[in-house]
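Written below as structure tokens is the structure these notes are about.
The values are calculated or read from the model by the stated rules, or taken from the named source; none is laboratory data. All values reported here derive from a predicted model rather than from experimental measurement. Note that each Cβ is placed from the backbone with ideal geometry, even for glycine, and that neighbours are counted across all protein chains shown.
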Amino acid sequence: MINRYLLLTNLLGALFYLSSCDNKNEITEKVHDPSKPIVLTSFYPNEGGARDKILLDGENFGKDPSKINVYFNHAKASVISASGNRIYAIVPRLPGADPRISVVIDGDSIAYEDSFIYHTQAQVTTVTGNGTKNFKPGPLSEAEVYGKYLELDAEGNIFMSWRDGGNPATFGVARINEQQNIVTPLIESEATGRVLYANGLTVDRATGMLTAAHESTKEVIFTFDPREAWYPRQRNVKYSTAHYNSIVDADRYKNFVTFCPYDGYLYTRYRDGKIAKIDPQTLEATIVHQGPYGSQYGQAINPAKPWLLYITLHSNATPTEFRQGISVLDLRDPNGTGGFKRLNAPGGSGFQDGPLADALFNYPKDIKFDNNGNMFVADYGNHCIRMVSADNIVTTVAGQPGTAGYKDGGPIESLFNQPWGVAVNEQGDIYIADWSNARIRKLVIE
């Protein structure tokens with residue numbers, strides 16, 4: 001009886017020891033070993049869209065999700081958990097075409113051989129406007145808008161500039177707020193007064209300060225401070241005599257002003273190609289670059305690379321290589337070897353998706369970026385909204401190229417008529433001034 005008891009005790013002890021060894025081995029296997037390579041085997045599912053769950057299988061992941069980075073191309077995924085040989089993650093928004101999935105741990109990076117098939121889902125809705133080419137404030141369902149350019153602050157306010165709409169024609173800037181269900185003017189004047197002849201708008205999202213450039217008065221800008229309920233204030237930019245005189249009267253037009261978070265300056269461009277930076281506190285200004293001549297359609301800073309200023313030029317640009325295209329200037333060294341350069345294919349008045357270097361647009365107007373560095377383009381002549389991904393691939397995300405109309409819905413059925421302005425909020429939702437439809441539209445892309 002004693003022998004049986006001892007045998008049973010020894011057996012249980014052995015099983016406990018083996019179990020303890022297995023647990024120790026399992027725990028050891030779950031800790032990432034930097035001396036060993038990361039191994040990737042498979043992932044599931046192999047296709048999907050934003051916010052979908054995905055399981056990444058392999059070896060030597062470790063079990064600390066805070067030390068694991070997963071990327072779909074350049075878009076970072078959220079890592080929820082890890083168990084040594086499996087990572088549970090969430091597919092990021094807009095990673096680009098056929099993204100490769102890479103895993104980065106302790107500086108080591110490895111990518112799966114197969115690409116993930118990403119399905120873009122988009123939905124277009126109408127925010128306000130009823131097709132009447134006029135401005136009338138009021139609730140969203142009753143307001144009339146004929147906006148050209150848009151901008152957003154961090155609080156969800158949409159700012160719209162308009163010109164030439166209504167009878168008599170008026171010019172102005174308005175605030176649109178979806179949550180408050182209201183459209184209100186911030187400044188408005190008839191064509192005879194032209195107090196503010198505004199095009200592009202810009203917001204410093206840290207302070208909420210809204211700034212508009214007076215197009216036809218070379219030293220005037222207007223600011224709208226949210227602490228003063230966006231009361232408009234005229235401010236005069238201060239140039240040195242030499243710089244001021246260099247902006248000749250015939251080329252005084254400055255259609256845009258853009259806040260740059262990289263250095264805290266405002267940047268504006270005159271029709272003769274001069275680009276100036278303005279200190280928003282002192283209003284002292286300096287010409288920093290002489291670029292090509294031409295009227296302007298759009299201007300934006302890429303928040304992912306905030307030293308890059310992007311500009312779209314009119315069909316009157318000279319040299320002709322800059323017409324109807326997207327160009328960029330590196331503000332860190334504006335007169336350096338890179339200079340002012342065009343990014344997409346020359347030609348204009350065309351349509352072609354694909355690599356940016358081969359892409360064509362048809363009178364591209366306003367441009368804006370989301371926080372991940374994706375650029376959205378109001379392709380006026382093609383009646384659609386285009387996206388340039390962070391890895392420079394152009395796709396059409398809403399509207400039918402070459403077909404004008406008005407229709408809400410998904411990317412296949414939605415229609416626009418000469419979209420002019422775009423703006424992107426903190427969540428990545430795109431607002432569009434659908435000019436010839438006299439409406440403000442909203443595009444949500446996943």
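Summary of computed values
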{"item": "Some residue of region 232-240 being under 19 Å from Asp279 (Cβ atoms), touching a helix residue (DSSP H, G or I) at 6+ places or on another chain (Cβ under 7 Å) and surrounded by 14 or more Cβ atoms within 10 Å (Cβ to Cβ)", "result": "no"}
{"item": "Odd one out for Asp434, checked against (1) surrounded by 16 or more Cβ atoms within 10 Å (Cβ to Cβ); (2) modelled with pLDDT under 95", "result": "(2)"}
{"item": "Selection count where residues are of a type outside the set (A, V, I, L, M), touching a residue at least 40 places away in the same chain (Cβ under 8 Å), surrounded by 16 or more Cβ atoms within 10 Å (Cβ to Cβ) and assigned to a loop (DSSP other than H, G, I, E, B), scope region 311-352", "result": "5"}
{"item": "Test: Ala398 is crowded, with 16+ Cβ neighbours inside 10 Å and out of contact with any Leu (no Cβ under 8 Å at 6 or more places or on another chain)", "result": "no"}
{"item": "Within region 141-161, considering residues that are aromatic (Phe, Trp, Tyr) and under 22 Å from the mean Cα position of the chain (by Cα), the one surrounded by the fewest Cβ atoms within 10 Å (Cβ to Cβ)", "result": "Phe159"}
{"item": "Filter pass, Val70 being within 18 Å of Val31 (Cβ to Cβ) and assigned to a strand (DSSP E or B)", "result": "no"}
{"item": "Subset of region 281-303 (residues that are surrounded by 15 or more Cβ atoms within 10 Å (Cβ to Cβ) and over 18 Å from Asp251 (Cβ atoms))", "result": "Leu283, Gly298, Ala300, Ile301, Asn302, Pro303"}
{"item": "Which listed residue, of Thr125, Thr202, is surrounded by 20 or more Cβ atoms within 10 Å (Cβ to Cβ) and among the hydroxyl-bearing types (Ser, Thr, Tyr)", "result": "Thr202"}
{"item": "Residue match in region 138-145 (condition: polar (S, T, N, Q), modelled with pLDDT of 95 or more and within 26 Å of Gly399 (Cβ to Cβ))", "result": "yes"}
